[in-house]
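What follows draws every value from the coordinates through simple rules; no lab data is involved. Note that the structure is predicted; figures quoted are calculated from it, not measured. So basically every Cβ, Gly included, is an ideal-geometry build from the backbone, and we count neighbours across all protein chains shown.
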Amino acid sequence: MTAVVEVAGATRTFGAVTALDDVSLTVGHGELVGLLGPNGAGKTTLLSLVSGLRRPDSGTVRLFGGDPRSASSRIALGTTPQETGLPPTLTVGEVVDLVGKHYPAPMPRGEALARFGLEDLVRRQTGGLSGGQKRRLAVALALVGRPRLVLLDEPTTGLDVEARHILWQALRDYHADGATVLLTSHYLEEIEALAQRVVVIGGGRVLADDSLASVLGLVALRRVILSLPPGHDVDLARLPGATSAQQGLDGRWTVLASDADRLVRALVAQDVPFSGLEMRGASLEEAFLTLTHEETHDEEAVR
Ligand SMILES: Nc1ncnc2c1ncn2[C@@H]1O[C@H](COP(=O)(O)OP(=O)(O)OP(=O)(O)O)[C@@H](O)[C@H]1O
């Protein structure tokens, strides 16, 4: 079966800035893929190539096997950019109807609003919506045409916890209905909550592309937290298995460890008088920072 998205060796520059550097990415039918990376990593540029808003300088981009710039490829695409302009004098219901009219088999107004908990706002002018309500409406509009692929650029930025959970559930439900979803996020918990596959982007390049569990396992980073007696002087970051160490405001030390077992063995072997030892899995953010760090070190090693 043809892939939904096929990016092959895509490079895109803006003047002196290389936003994407030889990026390849294939997304199959029914996948839910999270694009993770810091500000300026190239995530939005990548989405703009997939949605046909921009062209790569070199390399190819296919959407449903066709040219992303052609209307026939884009008809099954729903997108929500980072910022959405809504006509302020139209009501929520009118905007949903207006957008739906562009598609052959749109969701009924009631269904689109119910999926995002917006039913009570159907008669409200969009200019009178809160930022979070606008955001939910913007994502609802991306789904009105029942797209087979949904591209979401930071869908829950600025939303409170409840609104974020409504949106996550709506996306999970839509994905369960058979859609393919590609989203970027700065919220690591969002990627962890939604994505089955994570593509880590840094400096315009794909640093990792694997299942959520594998991306975490790839760096196998653990957080080891402990206390030391006042005045005790040991360089925790230099112990075997440790990658960095930091003392918190409460005086406790947090050591990031690539091999926590080895670190604990070294603490015991060197008679370090630690107490209150705790160990936790690394967050996606920590895993991601390590990946970026390793890439930088590899580059430095090559130079
Ligand atoms: N239209 C443009 N003109 C000039 N530079 C641009 C343009 N669009 C993107 N860039 C640059 O390309 C790089 C990648 O930007 P991009 O917006 O794709 O990153 P991002 O990962 O989406 O970041 P963010 O998370 O902040 O949205 C950045 O250095 C950015 O400044």
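Miscellaneous remarks
- Exposure proxy order (Cβ contacts within 10 Å, fewest to most) of Asp209, Asp261: Asp261, Asp209
- Estimated from the Cβ-Cβ distance and a Förster radius of 41 angstrom, the FRET efficiency linking Ser130 and Ala105 is about 0.85.
- Spin-label zone in segment 11-25 - amide nitrogen under 16 Å from a point set 7 Å from the Cα of Arg69 along the C-beta vector: 11-13
- Note on the chain: GNM, Cα springs under 10 Å; of Asp57, Asp67, Asp271, the largest mean-square fluctuation is that of Asp271.
- Selected from Val199, Val92, Val234 as most flexible by GNM, with the chain as the system and alpha-carbon contacts under 10 Å: Val234
- Proximal charge balance of Glu6 [Cβ under 12 Å; K/R count +1, D/E count -1]: 0
- Cα-projected label distance for Gln247 with Ser214, points at 7 Å along beta-carbon direction, nm: 4.2
- Taken along its principal axes, the alpha carbon cloud of the chain reaches lengths of 72, 46, 36 Å, longest axis first.
- Nearest-0.05 FRET efficiency for Arg123 and Arg205, computed from C-beta distance (R0 35 Å): 0.15
- For segment 75-162, the set of trypsin sites (Lys or Arg not before Pro) satisfying both a DSSP loop assignment and a count of at most 12 other C-beta atoms within 10 Å is given as Lys101, Arg123.
- Thr2/Asp261 FRET efficiency (R0 45 Å; Cβ-Cβ; nearest 0.05): 0.50
- Taking 13 Å as the cut-off, the amide N atoms of segment 151-193 that come nearer than this to a point 7 Å along the Cα-to-beta-carbon line of Leu53 belong to 151-155, 184.
- Selection from Ala140, Leu90, Gly59, by position along the positive dipole direction of segment 58-144 (Cβ): Gly59
- The trypsin sites (Lys or Arg not before Pro) found in segment 1-80 that occupy coil by DSSP, while having at most 15 further C-beta atoms within 10 Å, are Arg69.
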